[in-house]
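Single-structure report; data block below.
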Amino acid sequence: LGELIQEPFLVTTPVNVRYLVGFESTNAALLVDDERAVLFSDFRYAEAARSVEDVEFVEVERSLIRGVAGRLEGRLAFESAHLTYANWELLKSGGLELVPRGGEVEQLRAVKGSSELAALQKAAAITTEAYERIAQEPFVGRTERELGFRFDQILQELGAHGNSFPTVFASGPHGAAPHTKSGDRLIERGETVVLDAGAVIDGYCADCTRTFATGDLPDELRRAYDVCLAAQLAGLRAVAPTITGREADAAARGVIDAAGLGEYFGHGLGHGVGLMVHEAPTLRPESEDTLVPNNVVTVEPGIYIPGVGGIRIEDLVVVGESGPNVLTPYTKELRTVG
């Protein structure tokens, strides 16, 4: 971090504090400069904070930023994307010279180390096995919510520490909304079911989506599945070092556009995954990111036809020198469940 920041830097985003020193709290800040790291938190977290290696701990009042402001002086960089205006005013009232910064820790987090990759691989393996198991069970006649509860139970049985996000089963027309929640809709025959889920291991998130059929599909949906799969494979082929997020997105989007279905693909191709399920780098039309080895990203084109149904196929991928390493190898052939 010292190579990216030349002045004392106050980190207040909880996930960034956790990444830098391994301390998890909803009320902590970390001061980093070229000589030391100082961790600030209140009485509730003091015992845990004192056990963090290689940092100096300073206990402050519950009003964290007020306490920090009274103990620092001079020039201070801060995370402009996280610090609220009210907290900026508190720091300013302490006489500090405040310098906005953005993305420095996120830039570090985007390139995974060996222990991070191991956690992500394990989370993805558990997720993949859960897909295998849920596909052995009937879908028809059960509600989306019921299947979501069952999938979560399987994740726990397989050793997941938690969920990356609430498991989503989206069936029939409900699946035409890219970001939706499982509901009380009964799954019927002859429709698609989009399953989006992920396990967490040691704080690191997996993310995977597959689309199932519950019988013979209308020709429109069957064709959409084939197009989506071709786009997903094109996106995977494009994921490599030096490729921009924009270029990777275009590789998949071009397939869907050529099939005349571009209006039904309204989100980006993918995003980084790590301690958060959405982080840098991004793969979308406006992305300015360039992929490097050991980025971990999703590749997830979708086709969403209002009133009919949705298709999304998503893998979790490590960017490698010789090509993508897919961590979620569950079959992408259209699988029919009862």
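The values are calculated or read from the model by the stated rules, or taken from the named source; none is laboratory data. These figures come from a predicted structure and were not determined experimentally. Methodologically, a virtual Cβ is constructed for each residue, glycine included, from the backbone with ideal geometry; neighbour enumeration extends over all protein chains shown. Note: areas computed on protein heavy atoms with side chains; ligands, DNA, RNA excluded. Shrake-Rupley method; radii C 1.70, N 1.55, O 1.52, S 1.80 Å.
When the test is whether a residue is more than 18 Å from the chain's Cα centre (by Cα) and open to solvent by less than 20 Å² (accessible area, probe 1.4 Å), V317 does not pass it.
Is it the case that some residue within the stretch 128-148 is open to solvent by less than 50 Å² (accessible area, probe 1.4 Å), closer than 20 Å to V319 by Cα and either in contact with a strand residue (DSSP E or B) (Cβ under 8 Å, 6 or more places away or on another chain) or of a type in the set (V, I, T) (or both)? There is at least one residue in the stretch 128-148 that is open to solvent by less than 50 Å² (accessible area, probe 1.4 Å), closer than 20 Å to V319 by Cα and either in contact with a strand residue (DSSP E or B) (Cβ under 8 Å, 6 or more places away or on another chain) or of a type in the set (V, I, T) (or both). Of the strands (runs of 3 or more DSSP E) lying entirely inside the stretch 108-227, the ones with 3 or more residues being β-branched (V, I, T) are found at 192-197. The one condition from (1) open to solvent by less than 20 Å² (accessible area, probe 1.4 Å); (2) among the small types (G, A, S); (3) over 29 Å from A110 (Cα atoms) that G74 does not meet is (1).
Can we say L76 is farther than 18 Å from L90 by Cβ, among the aliphatic types (A, V, I, L, M) and in a strand (DSSP E or B)? When the stated conditions are applied, L76 does not pass them. Would you confirm, using the coordinates I've provided, whether L316 is over 17 Å from P178 (Cα atoms), not in a loop (DSSP other than H, G, I, E, B) and not polar (S, T, N, Q)? Yes: the conditions hold for L316. If you go through the stretch 153-169 and keep only what is under 19 Å from the mean Cα position of the chain (by Cα) and touching a residue at least 40 places away in the same chain (Cβ under 8 Å), you end up with L155, A160, H161, S164, F165. All conditions in (1) at pLDDT 95 or above; (2) among the charged types (D, E, K, R); (3) not in a helix (DSSP H, G or I) hold for E47, with the sole exception of (3). Anything in the stretch 268-300 that is small (G, A, S), more than 13 Å from G235 (Cβ to Cβ) and in a strand (DSSP E or B)? List them, or say none. Those that are small (G, A, S), more than 13 Å from G235 (Cβ to Cβ) and in a strand (DSSP E or B): G272, A280. Screening L30, L1 for residues that are at pLDDT below 95, closer than 25 Å to V277 by Cβ, open to solvent by less than 50 Å² (accessible area, probe 1.4 Å) and under 29 Å from the mean Cα position of the chain (by Cα) leaves exactly one candidate, L1.
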